[in-house]
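Data first, discussion second: the structure below is written as structure tokens.
The values are calculated or read from the model by the stated rules, or taken from the named source; none is laboratory data. Bear in mind the structure is a predicted one, so any value in this text is a computation, not a measurement. As a convention, Cβ positions derive from the backbone with ideal geometry for all residues, glycine included, and neighbour counts pool all protein chains shown.
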Amino acid sequence: MRSVLCSNGRLSQVHDTEPGDPLKHFNSMPPLVGLKVHPSLFPSRLGPDLLGSIRDRFIKGRLHYDSIKQASRWLAVHQKHSPWINDPECRVIYDAAARAVNELLSPRSPVEWHGLGCGSGEKDILMLRRLRSTGRPVDYFPSDSSLPLVLTAYERARNEVPPLPCIPALCDLGGIGNLGELLGVDPSAASTRVISFFGMLPNLEPEQAMGLFHGVLGPADLLLLSANLATEQDVCNGLHRIRAQYDNLETRRWLMTFLLDLGFEASDGDLDFVVEVSPAVPDLRRIVARFTLNQPRRLEIEGEEFLFPSGERWRLFFSYRYTPEGLRCLLRESHLELVGEWVVQSGEEGVFLCRPGGS
């Protein structure tokens, strides 16, 4: 049994990790870690965010990663169902993208690697190894809305790419007003910025995701995005082949954690996964998880009483599945020049390297 700092700022007693525990990196945390916190995750914002999500019945994505339990359950989903784990070609395309980044950078020029929505940091670390192998100086700035995940990324980077200067940050990308506040803007800086945006694009509205980078990227900056993709045939067939990545025991257990922690019972309703058309982009599809109450439930949350009637539906989660051409179109409309792209043979995951200047 040991104490762990939770995202609400309190110390929680947890059992030591067991073999195979995806959060095992907490065991070797140094005594003190310098952590930056953006105001988007200050306590004054967290309560209103939670209550707003509950009133709207649309749960913000970051609320599924707050606690160590939620992060651990998300990592279990990742380990069981992610193409990154199940398709060896995924590592090949990320390594190819890292090689392309190296070729675009001046020899031995210092690099600032900003991992936005870093999760557990696995993809960043594979690419950081490639950059460091050339002897160039690299600083790593992982950021995420989840304290357990950003510290996992920090510890993995510290252990697997030593010695690597690393400053983790907590930030809600869905609630940040200006991405420059997180990245920093220093025209005199000698470093080149490489910004990774891995796994985030599917869980944000297209306009919101691309709006993060508007007016922020400098002429020398490079942006790496990854996306869970769909082929044109998948779209025509209603994404049936892909739905198993979402409608499974591990994902259900992860998503239901939020409701159960609020005070709902599993028997209060049913969780279903449906395919919807994007409200903003008619050619774009997304998989949506909705919870439908089959009986009323009264709960007190943050000092406020709520009555949830039978038949009410909650949107717990969504994930957009872009086609490669649809994503290219989004990048062009966002004035990003596509420098390179790498897609696995199955068509389920791709990496896209961009820089400012697309028309």
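Quick check: is even one residue across segment 119-131 buried (at least 23 other Cβ atoms within 10 Å of the Cβ) and at positive phi?
The answer is yes; a qualifying residue exists.
What pairs come up if the first residue lies in segment 130-159 and is closer than 26 Å to Ser40 by Cβ, the second is among the hydroxyl-bearing types (Ser, Thr, Tyr) and in a strand (DSSP E or B), and their beta carbons are under 8 Å apart, counting only those six or more places apart or on different chains?
Val150/Ser143; Ala157/Tyr140
Taking the stated definitions as given, is Val101 of a type in the set (A, V, I, L, M) and under 18 Å from the mean Cα position of the chain (by Cα)?
No; evaluated as a whole, the condition is false for this residue.
Can you tell me which of Val194, Val274, Val235 is of a type in the set (Val, Ile, Thr), touching a strand residue (DSSP E or B) at 6+ places or on another chain (Cβ under 7 Å), part of a strand (DSSP E or B) and touching a residue at least 40 places away in the same chain (Cβ under 8 Å)?
Val194
Take the residues in segment 86-125 that are farther than 27 Å from Pro148 by Cβ and polar (S, T, N, Q), then tell me which one is modelled with the highest pLDDT.
Asn102
In the list Glu341, Glu348, which residue meets the criterion of being under 29 Å from Glu207 (Cα atoms), touching a helix residue (DSSP H, G or I) at 6+ places or on another chain (Cβ under 8 Å) and free of Cβ contacts under 8 Å to residues at least 24 places away in the same chain?
Glu341
If I ask for residues that are surrounded by fewer than 18 Cβ atoms within 10 Å (Cβ to Cβ) and either over 14 Å from Phe264 (Cβ atoms) or hydrophobic (A, V, I, L, M, F, W, C) (or both), which ones from segment 294-312 would you list?
Matches in segment 294-312: Leu299, Ile301, Glu302, Gly303, Glu304, Glu305, Phe306, Leu307, Gly311.
Going through segment 35-61 one residue at a time, which ones are in contact (Cβ under 8 Å) with a residue 40 or more places away in the chain, part of a helix (DSSP H, G or I) and touching a helix residue (DSSP H, G or I) at 6+ places or on another chain (Cβ under 8 Å)? Reasoning before the result, please.
Initial filter on segment 35-61 (in contact (Cβ under 8 Å) with a residue 40 or more places away in the chain): 35-38, 40-41, 45, 47, 49-51, 54, 57-61.
Keeping just the survivors that are part of a helix (DSSP H, G or I) gives 40-41, 45, 47, 49-51, 54, 61.
Of everything in segment 35-61, those that are in contact (Cβ under 8 Å) with a residue 40 or more places away in the chain, part of a helix (DSSP H, G or I) and touching a helix residue (DSSP H, G or I) at 6+ places or on another chain (Cβ under 8 Å) turn out to be Arg45, Asp49, Leu50, Ile54, Gly61.
Which of (1) at pLDDT below 95; (2) touching a strand residue (DSSP E or B) at 6+ places or on another chain (Cβ under 6 Å) is the odd one out, the single condition Asp283 does not satisfy?
With (1) at pLDDT below 95; (2) touching a strand residue (DSSP E or B) at 6+ places or on another chain (Cβ under 6 Å) applied to Asp283, the lone miss is (2).
Only one of (1) basic (Lys, Arg); (2) surrounded by fewer than 20 Cβ atoms within 10 Å (Cβ to Cβ); (3) in a helix (DSSP H, G or I); (4) touching a residue at least 24 places away in the same chain (Cβ under 8 Å) is not met by Arg108, so which one is it?
So the condition that Arg108 fails would be (3).
So which of Arg286, Arg315 ends up being part of a strand (DSSP E or B) and surrounded by fewer than 19 Cβ atoms within 10 Å (Cβ to Cβ)?
Working: Arg286 fails: surrounded by fewer than 19 Cβ atoms within 10 Å (Cβ to Cβ).
Only one candidate qualifies: Arg315.
Would you pick out the residues in segment 321-357 that are of a type in the set (Lys, Arg), closer than 22 Å to Leu239 by Cβ and in a strand (DSSP E or B)?
Arg321
Which condition from (1) farther than 19 Å from Asp124 by Cβ; (2) at pLDDT 90 or above; (3) surrounded by 14 or more Cβ atoms within 10 Å (Cβ to Cβ) is the one that Val14 breaks?
Condition (2) is where Val14 drops out.
Select, from Leu222, Leu259, the only residue that is touching a Ser or Thr at 6+ places or on another chain (Cβ under 8 Å), surrounded by 13 or more Cβ atoms within 10 Å (Cβ to Cβ) and farther than 19 Å from Cys90 by Cβ.
Leu222
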